[in-house]
Amino acid sequence: MIIDLIKCHGSNNDFLLIDETDRDYKFDDFKRRDLALALCDRESSLGADGILFIRPSRVADAQYRIFNSDGTEASMCGNGLRCAGRYVCEKLGVEEAVIETMKANLRVKKHEEIFVDIPTYQVEISPVTFDLKDLPLTLDKETLIQEKIPELSEELTFTALAVPNPHLTAVVSKEQLESSLQTRLSEKVNNPNELFPDGVNVSFIRILEKGSIYVRTYERGVGYTNACGTAMSASTLVTCLMGENELDQPINVYNNGGMVQCAVHKEDETYTIDLIGNATFVYSAQIEVDFSNEGLLAEVMEQEDFNEDTMYNRLQERAKKYLSQF
């Protein structure tokens with residue numbers, strides 16, 4: 001089988017994008033899982049954090065599904081949604097589209113450049129819930145907002161929320177960020193445990209100055225990534241709840257892959273978050289895949305670069321220089 005794909009990234013959270021609308025690949029979820037396991041392997045010629053499958057939708061301009069590098073399916077990915085949104089908008093010749101995700105139909109639109117010559121898209125992150133049953137988190141309470149979980153840490157204060165991916169966040173010091181605390185904690189809640197039966201994304205947040213934060217995330221099903229879109233959105237919301245940042249104002253969110261902007265909005269008791277950042281196409285490729293009984297075999301036949309990474313690297317260097325001050 002010949003498969004066409006695009007390697008893309010949002011804040012260097014990288015993906016392989018496969019369009020199922022033009023060609024009937026006849027993938028079932030077992031094949032999508034096998035593709036993710038084989039093609040996302042960093043030892044392979046491709047390598048990525050996950051695969052974005054673009055599919056027809058009856059209720060939106062397109063549907064997208066994301067499979068992590070470990071073969072599991074995620075309900076949403078903000079960085080991936082920007083890339084999927086750009087692809088759908090350019091394919092349809094529009095600047096705004098609605099994308100069907102697992103739990104919501106979300107609006108994506110082209111945005112003014114976050115940095116010179118960088119394709120930039122804004123995506124809606126919702127729904128947002130603090131109900132622990134929605135993560136799920138097994139505690140004898142309904143919500144956890146700036147509270148301790150003694151079973152995990154005596155020193156950290158946590159907020160748990162789903163956007164809709166489940167997130168556990170903590171604002172930390174530089175020393176805590178540089179320690180092994182996040183790794184130990186993340187591995188504990190993503191292996192068999194009594195608190196998070198389905199695992200959880202764990203984010204450590206550093207408040208840099210008014211309007212700027214740094215977020216590092218251990219993603220469920222992936223491990224540490226350069227950036228996680230829903231985690232950066234959730235973390236921005238947490239800093240607004242703490243009074244460190246303001247609602248309706250764009251917040252610069254720095255990560256190991258660069259920088260995005262997030263803006264939190266509240267109507268009645270409902271929160272939504274705008275995630276604004278790059279949607280960079282790295283290269284297009286054509287691969288030959290053999291779904292044999294002994295495992296999936298893939299070979300890259302053709303590859304053509306988009307040459308968009310040069311400008312993104314400049315944004316990343318500027319972000320690193322800014323972070324070095326803290």
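The values are calculated or read from the model by the stated rules, or taken from the named source; none is laboratory data. Everything numeric in this text was worked out from a predicted model, so none of it was measured. No Cβ is skipped: glycine too gets one built from the backbone with ideal geometry, and neighbour counts run over all protein chains shown. To get the accessible areas, we keep the full protein, side chains included, count just its heavy atoms, and leave off ligands, DNA and RNA. Shrake-Rupley method; radii C 1.70, N 1.55, O 1.52, S 1.80 Å.
Within the stretch 14-30, residues that are over 14 Å from GLY71 (Cα atoms) sit with their Cβ atoms under 6 Å from residues that are among the charged types (D, E, K, R), at 6+ positions apart or across chains, in these pairs: ASP14/ASP49; GLU20/ARG55.
Checking each residue in the stretch 95-122 for being among the small types (Gly, Ala, Ser) and either open to solvent by 30 Å² or more (accessible area, probe 1.4 Å) or touching a residue at least 40 places away in the same chain (Cβ under 8 Å) (or both) picks out only ALA104. When the test is whether a residue is modelled with pLDDT of 95 or more, among the hydroxyl-bearing types (Ser, Thr, Tyr), out of contact with any strand residue (DSSP E or B) (no Cβ under 7 Å at 6 or more places or on another chain) and open to solvent by less than 70 Å² (accessible area, probe 1.4 Å), THR129 does not pass it. Please indicate, with yes or no, whether at least one residue in the stretch 29-49 is part of a helix (DSSP H, G or I), in contact with a helix residue (DSSP H, G or I) (Cβ under 7 Å, 6 or more places away or on another chain), within 24 Å of ASP198 (Cβ to Cβ) and small (Gly, Ala, Ser). Looking through the stretch 29-49, none of the residues is part of a helix (DSSP H, G or I), in contact with a helix residue (DSSP H, G or I) (Cβ under 7 Å, 6 or more places away or on another chain), within 24 Å of ASP198 (Cβ to Cβ) and small (Gly, Ala, Ser). Of all the listed residues (PRO250, PRO192), the sole one being open to solvent by 10 Å² or more (accessible area, probe 1.4 Å) and more than 19 Å from the chain's Cα centre (by Cα) is PRO192.
Just for the stretch 295-310: of the residues that are of a type in the set (A, V, I, L, M, F, W, C) and open to solvent by less than 100 Å² (accessible area, probe 1.4 Å), which one is farthest from GLY47 (Cα to Cα)? My answer is PHE306. Looking only at the stretch 21-48, residues that are surrounded by 17 or more Cβ atoms within 10 Å (Cβ to Cβ) and within 24 Å of VAL98 (Cβ to Cβ) come to 3 in all. Scoring SER69 on the criteria (1) without any contact (Cβ under 8 Å) to a residue 60 or more places away in the chain; (2) under 18 Å from the mean Cα position of the chain (by Cα); (3) within 20 Å of GLU299 (Cα to Cα) leaves a single failure, condition (1). Can we say LEU52 is aliphatic (A, V, I, L, M) and over 22 Å from GLN122 (Cβ atoms)? It is false that LEU52 is aliphatic (A, V, I, L, M) and over 22 Å from GLN122 (Cβ atoms). In the stretch 140-163, the qualifying residues are those that are closer than 25 Å to SER75 by Cβ and open to solvent by less than 10 Å² (accessible area, probe 1.4 Å), and the one that is farthest from the chain's Cα centre (by Cα) is ILE149. Residues being among the basic types (Lys, Arg) and not in a strand (DSSP E or B) are represented in the stretch 295-314 by at least one member. For THR310, the criteria (1) among the β-branched types (Val, Ile, Thr); (2) without any contact (Cβ under 8 Å) to a residue 12 or more places away in the chain; (3) more than 30 Å from ILE3 (Cα to Cα) hold in every case but one, which is (3). Applying the criterion of being open to solvent by 10 Å² or more (accessible area, probe 1.4 Å) and either in contact with a Cys (Cβ under 9 Å, 6 or more places away or on another chain) or β-branched (Val, Ile, Thr) (or both) to the residues of the stretch 229-247, the residue that is nearest to GLU73 (Cα to Cα) is LEU247.
Which residues, taken from the stretch 272-294, are open to solvent by 30 Å² or more (accessible area, probe 1.4 Å) and either at pLDDT below 95 or hydroxyl-bearing (Ser, Thr, Tyr) (or both)? The answer is THR272, SER284, GLU288, ASP290, PHE291, SER292, ASN293, GLU294.
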